[in-house]
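Read-outs: derived from the displayed coordinates by stated rules, not from any lab. Since the structure is predicted, the reported quantities are computational estimates derived from the model, not experimental observations. FYI the Cβ positions are ideal-geometry reconstructions off the backbone, even for glycines, and counts take in every protein chain you see.
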Amino acid sequence: MNSNIAAAIFAALGMAAAHAGDGVVGPVTVDVVSLYVAKAAPRDAGSVTVTVVGSFSLPPGVKCDSTYLTTGLASDPDRSMFRIATQALDSRQTVRLYITDDSALAAYSGRCSLKGIELSSRLGVW
């Protein structure tokens, strides 16, 4: 195989892998909300995991687990998404989730991270 062709193929594969997928899922029902106050390998302290009842359909171009979402502290420093997820769990309201499979935001390999969450009854948090 010509080395230029091989280099082009590897460059194209690298660019495809680097592109993050974003999307919206819902309405879904929150089943569990977990806040890790101490490092629990592989999650860092401050990470939040949201589990939904059943699972959800992944938006086109998004590749991750379809039940669990784990968000790092850097993505939710004021805990607003954590609070809305907890409110949804307590009140059994459905939510719309804005998710990404961006590896730079991943708090747990193979899981998407939250970028936003919206209660069915009001405008959400970005």
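Table for the structure above
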item: Cα point-scatterer Debye curve for segment 20-119, base-10 log of I(q)/I(0) at q = 0.14, 0.17, 0.23 Å⁻¹; result: -0.43, -0.65, -1.24
item: Protection-proxy order for peptides 76-82, 58-64, 108-114, each taking the mean of Cβ atoms within 10 Å per residue, highest first; result: 108-114, 76-82, 58-64
item: Table column - 3J(HN,Hα) (Hz), segment 69-80, Karplus curve with 6.51, -1.76, 1.60, x for Gly and Pro; result: 10, 10, 10, x, 4, 5, 7, 9, x, 9, 6, 5
item: Label zone at Arg96, where the point sits 7 Å out along the Cα-to-Cβ direction: segment 54-71 residues whose backbone N lies under 18 Å; result: 56-60
